[in-house]
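Bear in mind that the values in this text are calculations on the coordinates, not laboratory data. Computed from a predicted structure; not experimentally measured.
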Amino acid sequence: MKKLILSASLLILGANAFAQENDNGVSLDGRWFVMGQAGFNSADEGNDQSYSFVPQVGNFVSSDVALGLGVGYIGAKQEAENGNVVSTNKQNLLLVKPFARKYWGVAKNLFIFGELSVPLGFGKNTSETSLGNTTTTAEAKYTNIGVQVAPGLDYYLSDNWSLEATFGLLGWNSTKPENGDAANSFNFGLNSGVDNGVKIGIKYTF
């Protein structure tokens, strides 16, 4: 997490320095973009990890509004040890995420944006409990739907290529097991949303 935040900070500083030296603006109206966005979070000395990769495609319907769709994968793993018992829980989620963005120009090559998305996920939890040479495994499928808000930075290196950083802010999720009732949650902060955490991406606009 510290490395991701440091990278985002360097991105902001570099963008400001570049914008002061560069007089070429970037026109977005009517253009399409494709991008790959990835995120990784680690906590509890590496025993709690989550990661995501969500390719996206979108269109600037105006100079400051974009609509798009992302399809990708989210994974998570938690490990715990209690005496001779080792417990491992894994989550695998296929994500479909329509989104809308509003952009504001900070400098001629630097934009900030707010993203509203409605992610839909189809997942599976796998739990393993190990005691000596004996391992017990259980699986459970579930669906997930959410609404999340994420601000971000978009810095254009050229007319076509840009670097992007997105930060989770608000997230509401409803998770329904295959044979159970739905559970709702609301989060606020950097780890909010289904594909939570800080995400860094490379975008091609054409």
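Based on every Cα atom in the range 18-147, Rg and the maximum pairwise Cα distance Dmax equal 20.5, 66 Å. Subtracting the Cα-Cα distance of Ala138 and Ser63 from 0.36 nm times their residue separation leaves 22.0 nm of extension gain. Any idea what log10 I(q)/I(0) is at q = 0.14, 0.23 Å⁻¹ for the range 84-155, Debye with uniform C-alpha scatterers and no solvent? With one equal scatterer per Cα and no solvent, log10 I(q)/I(0) is -0.64, -0.95.
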